[in-house]
Amino acid sequence: MRSYTVNRELFRGKPLYNITILVLLTALLLSILVAVTFGTMRLPIEEVYQVIRCELGNSFLRLPIPEKWAPGTPIHDVVWLIRLPRLVLAAAVGMGLSISGVVIQAIVKNPLADPYILGISSGASLGATVAVMLGVGIALGSNYVGVMAFAGAFCVSMAVIALANVGGRATSVKLLLAGSALSAVCSAFSSFIIYIADDDHSTSKIVNWTMGSLAAANWENNAVILAVSLAGTLFFLTQYRTLNLMLLGDESAIALGTDLHGWRVAYLVVSSLMVGFAVYNAGMIGFVGLVIPHSTRMLFGTDHKRLIPIAALTGAIFLVWADVLCRTILPGNEMPIGILTSMLGAPVFIYLIARKKYGFGGGD
């Protein structure tokens, strides 16, 4: 099967694409190394890197850690247990949300779609609301709110698939309509639960969670979300031909010998898993899965073979620096990252819509 692209991208050619990937990989690594020096607590830059070097040397080469930078010291704990884990989490979440956005836009053939338009956001919010306001899932441990949010996001995604298949096979339009309907239902139930509970403390907790935060990052959970984001990205990279066909529509795909129905469901399941783990670890972070795919598609075209890795790296870099801004923009305080991404993403999105300078695929 051959690949279908619209030759309207700004950058063309394999050499330039390879250079771009190398530049983005380098930029991501440098972004993390530079971002770890920022924070409310001022630390000597050389000591920040000494802590990282000593921990890596101990992990891989079993080298002893000098007492000055040993676990339990303030500088070690701030760098290795607080700052670096949240930056790794930011990169993993940014990657997962960006790739989910790319895929969902292809699934519904709508450049205005993002990981939350199919009801995933509202499902996660409902799960968190039920957990906090009604105590459901408290037996799952200290992270029960995140677990219930993940369960809500995943269940709503499955419900969207089931609803879209009622009365015939699911299409991109039916998925979009089903997602919008279930999103409204979940939002209504969340508001109803908050209203009847009349608990100001719990309501405040729900509001804070829906704003998004990377503050609870730790290495154990990071390993899981990073593995999920990388695995999902690699999986969709192998599916670039089918994703390209989705931009042409079902009739064209069938004429070319591919039935998109099963693939559409499978891709939605994998995307929901990626978004669910992101929601579980960081709460609600909007516009990443909307703006990043738009921006990369404008520059590199609609061929998913190139779009997926570039969007993954760009999303990771974007959220790393968004986290830096959240920790530094308000002296002595931290802004919820969901607020910042919305403040940055909404104007960019409006600008992208106003330009109308690129096609979404299939010759549109």
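Table for the structure above
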| read-out | value |
| --- | --- |
| Residue within the stretch 83-101 that is more than 25 Å from residue 331 (Cα to Cα), in contact with a His (Cβ under 9 Å, 6 or more places away or on another chain) and modelled with pLDDT of 90 or more present | yes |
| Single residue of 330, 290 found to be in contact (Cβ under 8 Å) with a residue 60 or more places away in the chain and either part of a helix (DSSP H, G or I) or open to solvent by 10 Å² or more (accessible area, probe 1.4 Å) (or both) | 290 |
| Residue 20 vs. criteria modelled with pLDDT of 85 or more, among the hydroxyl-bearing types (Ser, Thr, Tyr) and farther than 30 Å from residue 331 by Cβ | yes |
| Unmet requirement for residue 150, which otherwise passes all of (1) open to solvent by 40 Å² or more (accessible area, probe 1.4 Å); (2) over 18 Å from residue 270 (Cβ atoms) | (2) |
| Top-ranked residue in the stretch 57-109 [being over 24 Å from residue 217 (Cα atoms) and of a type in the set (A, V, I, L, M); ranked as most open to solvent (accessible area, probe 1.4 Å)] | 61 |
| Test: residue in the stretch 177-198 that is open to solvent by 60 Å² or more (accessible area, probe 1.4 Å), assigned to a loop (DSSP other than H, G, I, E, B) and in contact (Cβ under 8 Å) with a residue 40 or more places away in the chain | no |
| Output for the stretch 148-170, where each listed residue is part of a loop (DSSP other than H, G, I, E, B) and either at pLDDT 85 or above or of a type in the set (A, V, I, L, M, F, W, C) (or both) | 166, 170 |
| Condition met for residue 271 (small (Gly, Ala, Ser), surrounded by 20 or more Cβ atoms within 10 Å (Cβ to Cβ) and under 16 Å from the mean Cα position of the chain (by Cα)) | yes |
| Residue 173 open to solvent by 50 Å² or more (accessible area, probe 1.4 Å), in a helix (DSSP H, G or I) and modelled with pLDDT under 80 | yes |
| Matching residues in the stretch 127-144 - criterion: being surrounded by 15 or more Cβ atoms within 10 Å (Cβ to Cβ) and either among the aromatic types (Phe, Trp, Tyr) or more than 16 Å from residue 186 (Cβ to Cβ) (or both) | 137, 143, 144 |
| Residue count for the stretch 106-147, restricted to those that are in a helix (DSSP H, G or I), touching a residue at least 40 places away in the same chain (Cβ under 8 Å) and of a type outside the set (A, V, I, L, M, F, W, C) | 6 |
| Residue ID - modelled with the lowest pLDDT, chosen from residues in the stretch 335-363 that are open to solvent by less than 20 Å² (accessible area, probe 1.4 Å), closer than 16 Å to residue 90 by Cβ and not hydrophobic (A, V, I, L, M, F, W, C) | 345 |
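The values are calculated or read from the model by the stated rules, or taken from the named source; none is laboratory data. All values reported here derive from a predicted model rather than from experimental measurement. Positions of Cβ are backbone-derived with ideal geometry, glycine not excepted, and every protein chain shown enters the neighbour counts. With ligands, DNA and RNA removed, areas are computed over all heavy atoms of the protein, side chains included. Shrake-Rupley method; radii C 1.70, N 1.55, O 1.52, S 1.80 Å.
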